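Chemist: Once you've had a glance at the structure underneath, I'll fire off some questions.
The values are calculated or read from the model by the stated rules, or taken from the named source; none is laboratory data. Predicted model, so just to flag it, every value in this text is computed and none were measured. Ideal geometry is used to build each Cβ from the backbone, glycine not excepted, and the neighbour counts take in all protein chains shown.
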Amino acid sequence: MSINRFMDEVISRGAEAVLPHNLEEEWLERLFIAAKNFLAMAVLEEDSDEEPFGDENSMMLLSAVTELTQAQKDYTPDEEEDQVDEGLFFENLSCYSLSILFEAIRQQSEFTFELPDTGTIFDRDRLYAIEQETPVITEILNELVLGVKPDEASDEDA
């Protein structure tokens with residue numbers, strides 16, 4: 001199973017290893033798929049009988065966000081179970097998913113973005129700044145996540 005390899009090759013190396021720009025191509029691609037699916041589900045808010053995190057890619061995405069969340073909280077396995085608020089976890093999941101998409105875009109284009117560290121990976125202001133500095137990124141995200149091309153979006157507004 002790939003999830004076991006991901007745990008061994010990435011998660012076991014700590015939070016720095018799951019930062020999007022530190023991922024090997026294989027893992028970035030797998031997380032890209034999961035991030036795209038998660039963001040599409042979140043935006044469309046469709047009720048589906050399908051388990052939203054039932055595939056390996058999604059489990060890898062959840063594992064990466066958990067690793068980073070625990071690193072930010074200085075979690076150690078010896079401590080009593082300290083649960084993260086569900087709303088905060090989903091916000092972190094959204095920020096990490098966007099960061100994964102931004103990294104994939106960065107690697108395939110001439111765009112340059114500020115690379116996150118373990119302290120800024122969930123910073124919404126950092127993500128907002130990227131969108132403000134590179135306005136076309138919103139169109140690219142809409143196309144990636146929703147399949148909406150820029151000219152289709154303007155047709156719908158008319």
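Chemist: Quick one: how many residues across region 38-65 are in contact with a helix residue (DSSP H, G or I) (Cβ under 8 Å, 6 or more places away or on another chain) and modelled with pLDDT of 70 or more?
Modeler: Result for region 38-65: 18.
For (1) on the phi < 0 side of the Ramachandran plot; (2) without any contact (Cβ under 8 Å) to a residue 60 or more places away in the chain; (3) in contact with a strand residue (DSSP E or B) (Cβ under 9 Å, 6 or more places away or on another chain); (4) surrounded by 15 or more Cβ atoms within 10 Å (Cβ to Cβ), each residue gets a yes or a no:
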position: LEU23; (1), (2), (3), (4): yes, no, no, yes
position: GLU26; (1), (2), (3), (4): yes, yes, no, no
position: SER63; (1), (2), (3), (4): yes, no, no, yes
position: THR66; (1), (2), (3), (4): yes, yes, no, yes
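Chemist: Still on this structure, please answer the following. Looking only at region 116-150, how many residues end up being touching a residue at least 40 places away in the same chain (Cβ under 8 Å) and either aliphatic (A, V, I, L, M) or farther than 16 Å from LEU68 by Cα (or both)? Even if it seems obvious, please write down each step before you answer.
Modeler: Filtering region 116-150 down to residues touching a residue at least 40 places away in the same chain (Cβ under 8 Å) leaves 116-119, 121-122, 141, 144-146.
Filter again for either aliphatic (A, V, I, L, M) or farther than 16 Å from LEU68 by Cα (or both), leaving 121, 141, 144-146.
Residues flagged as touching a residue at least 40 places away in the same chain (Cβ under 8 Å) and either aliphatic (A, V, I, L, M) or farther than 16 Å from LEU68 by Cα (or both) within region 116-150 amount to 5.
This table checks each residue for (1) in a loop (DSSP other than H, G, I, E, B); (2) aromatic (Phe, Trp, Tyr); (3) modelled with pLDDT of 95 or more.
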| site | (1), (2), (3) |
| --- | --- |
| THR112 | yes, no, no |
| PHE122 | yes, yes, yes |
| LEU127 | no, no, yes |
| GLU131 | no, no, no |
| LEU141 | no, no, no |
| VAL145 | no, no, no |
| ALA153 | no, no, no |
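Chemist: Within region 68-107, take every residue that is loosely packed, with under 15 Cβ neighbours inside 10 Å and modelled with pLDDT of 95 or more and give me the one that is farthest from the chain's Cα centre (by Cα).
Modeler: GLN107
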